[in-house]
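Asker: Dropping a structure here in C-alpha cells format, bear with me for questions.
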Amino acid sequence: MAQQVRGVIARAKGEPVQIETIVVPDPGPGEAVVKVQACGVCHTDLHYREGGINDGFPFLLGHEAAGVVESVGDGVTEVAPGDFVILNWRAVCGQCRSCLRGRPQYCFDTHNAKQKMTLLDGTELSPALGIGAFAEKTLVAAGQCTKVDPEASPAAAGLLGCGVMAGLGAAINTGNVGRGDSVAVIGCGGVGAAAVTGAHLAGAAKIIAIDIDDKKLATAKELGATHTVNSRATDAVEAVRELTGGFGADVVIDAVGRPETFKQAFYARDHAGTAVLVGVPTPEMQLELPLIDLFGRGGALKSSWYGDCLPARDFPMLIDLYRQGRLDLDAFVTETIALEDVEKAFDRMHTGDVLRSVVVF
C-alpha cells in the first residue's frame, strides 16, 4: 500500500524549497523503499533548485543519504528489510560494455526506480540523482542500496553517498595517489576536504591544500594537509612548484571545476603528472590550452565520476576504516538539522564555515 511522507520539494527555478506530502508507492520488481535516517545537504541539490541540472521540476531533493531498508520488490536479492544501507546514484547494470569488461565503476547504463513518487495530486516528482532523500522514506532501485556496518553513524555514513566519496575517490581511485606522492588539492569545500583526506589515507608525503578561504584551509590542515596556500594572496601554481622542489605535484585535484582552476591544476603538476577534475563545471564553460603544452608536459588529464567508485566495493571498506578510527567521517558533519532547515542550509553554503549540514530524521 502506498505511503504518505514529508519531503522537500523544489517547485520552480530559484524558488525557496517547500515541505510537502509525497506519495511513495510499494516497491516493484527490483526496487526498495528505504526509511531515511540522515541526508547531507549537497551543493548538487542547490544546483537542482537553481535549474542548473535540468528543468524537470518539481524535484524531490536530497541524495547523500543512509537509512534502513523497509521493504523490497520481487527479484531483489542485494538487500533485505532491516539492512542498514548507504544510497548511491550509480546502480550498475552488469550488462553494458563497461561492466562486461570488468569496469563496472564506469557503467554506461546505471538505473533508478522505474516507478515515480508523486505529490498528493498525482504530479510526478523528479528525485535528485534518482534518489530523493530529503524525505522520511524514498523509493529507489535496489542496486542503489549498499549494505554496510549498522554500527556506523547514519549522519556520517550517508556522506559517502556523494560528496565525501567523490573527493576520496578522486584521490585514491582516479588519481591513483600512492605512498610518498605529492598532491595538491584546489578548492577545500566538502569534496576538496575529502580529497585531502583520501590523499592522506593513501600515504601521500606532501599534501598541499589551496583555497581562498582561511577557514577552509584550517579544516584541510586538520584532515591531513601538510601545507596550505591562500590563492587570493599567492599564485597557486608557483606556490605548488616552490613546495615541490620546483617540479610540481605528482597529482593535482581540481575540486572547484572552473577553467581557471583546471589550468592551475594542469600547470601545477609535475611533468608526466596527473590532473584530476572532480569539481563540476557548468555547460557554458570552455577550456583553452596550448596544444604544445598538452603534448610537452605529458601525463594524464582525468575527470572523476563519483570518485570512480564502486559502491559495493568501496562503501563497506570505507565504513570499516571509519569504525576503526582511521577515517574521520564525523569531521565532515558540521551540523545536524531538521527537514525544515534545508533552505537555511543552502544559505550557509556560501559562508565557508560548513563542510556539511546533515538532515537527521
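The values are calculated or read from the model by the stated rules, or taken from the named source; none is laboratory data. This is a predicted model, so every value here is computed, not measured. Neighbour counts are summed over all protein chains in view; Cβ atoms, including those assigned to glycine, are modelled from backbone coordinates with ideal geometry. Only protein heavy atoms, including side chains, enter the accessible area calculation; ligands, DNA and RNA are left aside. Shrake-Rupley method; radii C 1.70, N 1.55, O 1.52, S 1.80 Å.
Asker: Can you tell me the accessible area per residue over region 1-101, all protein chains present, probe 1.4 angstrom, in square angstrom?
Answerer: Working: 4270 Å² over 101 residues.
Value returned for region 1-101: 42 Å² of accessible area per residue.
Asker: If you project the alpha carbons of region 177-303 onto the principal axes, what extent comes out on each, in Å, largest first?
Answerer: 38, 31, 25
Asker: Counting residues in the chain as N, plug N into 2.2 N^0.38 Å and put the Cα Rg over that result.
Answerer: In units of the globular-protein estimate, the chain measures up at 0.98.
Asker: On the accessible surface of the chain, probed at 1.4 Å, how many percent belong to carbon and sulfur atoms?
Answerer: 50
Asker: Another question, if that's okay. For GLN37, what residues show an amide H to amide H distance below 5 Å, using hydrogens built from the backbone and excluding near sequence neighbours?
Answerer: ALA66, GLY67, VAL68
Asker: For a 24 Å ceiling on Cα separation, which of these pairs sit above it: LYS114/LYS137; LYS116/LYS137; LYS263/LYS344?
Answerer: LYS263/LYS344
Asker: Taking a quarter of the surface of the Cα convex hull of region 56-179, what do you get in nm²? Provide the component values of the computation, followed by the final result.
Answerer: Working: hull surface 37.8 nm².
That works out to 9.4 nm².
Asker: Moving on. Before I look further, what does region 113-217 give for accessible area per residue, probe 1.4 Å, in whole square angstrom? The partial results should precede the final answer.
Answerer: Details: 3120 Å² over 105 residues.
Per residue, region 113-217 has an accessible area of 30 Å².
Asker: As I understand it, the value is the acute angle between the Cα axis of helix 190-201 and the longest principal axis of the Cα atoms of the chain; what does it come to in degrees, rounded to 10?
Answerer: 60
Asker: On to the next question. Just to confirm the filter: which GluC sites (Glu not before Pro) across region 127-226 are DSSP coil and have at most 14 other Cβ within 10 angstrom of their Cβ?
Answerer: When the GluC sites (Glu not before Pro) of region 127-226 are filtered for loop state and at most 14 Cβ neighbours within 10 Å, GLU151 remain.
Asker: So how far apart, in nm, are the two label points at ASP26 and CYS96 if each is 7 Å from Cα heading toward Cβ?
Answerer: 3.2
Asker: I would also like to ask the following. Quick check on region 134-227: take the gyration tensor over C-alpha atoms, sort the square-rooted eigenvalues as a ≥ b ≥ c, and tell me if it's rounded (a/c under 1.5), prolate or oblate.
Answerer: Cα axes put region 134-227 in the prolate bin.
Asker: Now, a different point. List the residues, sorted by chain then number, that are 5 or more residues from TRP305 or on another chain and whose placed amide H is less than 5 Å from its amide H.
Answerer: Amide H neighbours of TRP305: none.
Asker: Hey, what number do you get for the chain at 222 nm if only DSSP H runs of n ≥ 4 count, each worth -39500 (n - 2.57), divided across all residues, to the nearest 500?
Answerer: That calculation yields -6500 deg cm²/dmol at 222 nm.
Asker: Quick one: 3J(HN,Hα) in Hz for region 68-73, Karplus 6.51/-1.76/1.60 with θ = phi - 60°, rounded, Gly and Pro as x.
Answerer: 10, 5, 8, 7, 10, x
Asker: I'd like to know how region 297-357 sits against the 2.2 N^0.38 Å rule of thumb: what's its Cα Rg over that expected value? The partial results should precede the final answer.
Answerer: Details: Rg = 16.3 Å, N = 61, 2.2 N^0.38 = 10.5 Å.
Against the empirical 2.2 N^0.38 Å value, I get 1.56 for region 297-357.
Asker: List the trypsin sites (Lys or Arg not before Pro) within region 2-37 that DSSP assigns to loop and that have no more than 13 neighbouring Cβ atoms inside 10 Å.
Answerer: LYS13
Asker: For region 137-285, give the magnitude of the charge dipole about the Cα centre (Cβ charges: +1 Lys/Arg, -1 Asp/Glu; no others), in debye to the nearest 20.
Answerer: So the dipole magnitude of region 137-285 works out to roughly 240 debye.
Asker: May I pose another question? Roughly how many whole Å is it from the C-alpha centroid of region 39-63 to that of region 199-269?
Answerer: Each part's Cα centre sits 29 Å from the other's.
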